[in-house]
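Some notes on the structure that comes next.
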Amino acid sequence: MKKFGRTLKSKAARALCVATPGLLMASLLAGCATPPPKTDTADYQAYEQQNDPYEPTNRFFFKVNNTVDRYAFKPIAEGYVDITTTGIRNHVGNFVTNIGEPARLVNFMLEGKPRDAGTSLVRFLVNSTAGLGGFFDPANDLGYPETDTDFGITLAIWGVPEGPYIYLPVFGPSGARDILNLPVEFYATPMAVAPESTALNDFGYAETGIHLINTRAQYLQPIDQINATALDPYATFRSLYRQSRASEIQQIDKEDTPTPPDWTH
């Protein structure tokens, strides 16, 4: 779920990435949940465990996102699935993943994971050339599989606490620590450092749109199932996000995937 809407590259997206944390915090402060009295031990412990002090505002944004998704993203994603094959969607996913490799390279270096940083570098160079701009993934076939990370995970490894749960407009489930990943992920892309041009801006809009649609298409069935069966979809998505992030942090913190593939031994 975490990749849904993660990477935006256009000028409008740049403004959104930079402005979202500040605007969101202002709205959150206006919509805090009232904690139960500490004398109500069970209720207070449940409140603390949820770590969702901005729940009223979060639920509002959850409803807004669901409405936008129901009438825009989901129908477009369903049409996209109808006119494409799984192979095409996989190639689009490879392309988006390749654009994110420089950001992963930087984060692995900040995390003290030199081998994973080397893998990201090799993947970007090989897939950008032999992989025809990243639409194919020959690096994986050579023994350099994708290993994901982001600045939120980097901060977690540095010991920064996750902070309260936050549901972002457009971007979805997050946390106070993970919000900082938005501007970092944008500026650590090839398009952010390239000379600005009309063609580059048009490419950014197109890449952003296809990325959102392609990613939404991956989760058509899981999201439908949760919305249809969960007693409280908001709480379910909150729990799934936290479990996913905890698993990712544990995995990346204990591994540093060897750069040399098996065929070099």
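Any chance the range 66-77 includes a residue that's touching a His at 6+ places or on another chain (Cβ under 7 Å), buried (at least 17 other Cβ atoms within 10 Å of the Cβ) and closer than 22 Å to Gln218 by Cβ?
no
If you scan the range 126-141, which residues turn out to be over 23 Å from Thr86 (Cβ atoms) and touching a helix residue (DSSP H, G or I) at 6+ places or on another chain (Cβ under 7 Å)?
The answer is Val126, Ser128.
Among the listed residues Pro233, Pro190, which satisfies the condition of being of a type outside the set (S, T, N, Q) and either crowded, with 18+ Cβ neighbours inside 10 Å or closer than 24 Å to His91 by Cα (or both)?
Step by step, each of Pro233, Pro190 is checked, and only Pro190 is of a type outside the set (S, T, N, Q) and either crowded, with 18+ Cβ neighbours inside 10 Å or closer than 24 Å to His91 by Cα (or both).
Read-outs throughout are calculated quantities, based only on the coordinates presented, and are distinct from any laboratory measurement. The structure presented is a predicted model; accordingly, all values stated were derived computationally and were not measured. As a convention, Cβ positions derive from the backbone with ideal geometry for all residues, glycine included, and neighbour counts pool all protein chains shown.
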